Every structure is written in structure tokens, then in C-alpha cells.
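Report on the following structure.
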Amino acid sequence: MFTSPESPAKDAVAYHRDLAVGWEQRYEKPAFRARLRAFEECVAGRDLQGQHWLDAGCGSGTMAR
């Protein structure tokens, strides 16, 4: 992982970039599948057409899709 004492912001970006590489595969684990099911239950039956949602810092965008 990239580290630079003079730039903590770059450290944070590098950390999250490295974390994001395998994020999608985490949805194969039971805990992540449970999160996805809970989210799907919350939005089930709702008309989401034309709405804008912000998926900020939530991994690979699985829930936004």
C-alpha cells in the first residue's frame, strides 16, 4: 500500500483504492448477502424510476445498481 507521511489524504485514497479491488467479491459472504437482502426488502415495491441516489463510499456500487 502507498504511504506518504507528507500526505495523509493520499494515504486514505490509496487505502480505499486497495480495499475496493476485492469489494464485489465480499457479496459472496453471508453477512454481505444479508445486507443486500435487507436493502432490497426496504426498496421492494417502491417506484424508484427518475430518482437520484447517492452511493457515497459504499464499495463497488452494488446497492446503487
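Out of the residues in the stretch 39-63 that are within 30 Å of residue 14 (Cα to Cα) and over 9 Å from the mean Cα position of the chain (by Cα), state the one that is modelled with the lowest pLDDT.
For the stretch 39-63, the residue satisfying everything is 54.
I need the full set of residues from the stretch 14-34 which are open to solvent by 70 Å² or more (accessible area, probe 1.4 Å) and either within 11 Å of the chain's Cα centre (by Cα) or of a type in the set (A, V, I, L, M) (or both), in order please.
16, 21, 24, 26
The values are calculated or read from the model by the stated rules, or taken from the named source; none is laboratory data. Nothing here was measured: the structure is a model prediction, and the numbers come from that model. For the accessible areas, the whole protein counts, side chains as well, though only heavy atoms, and no ligand, DNA or RNA atoms are used. Shrake-Rupley method; radii C 1.70, N 1.55, O 1.52, S 1.80 Å.
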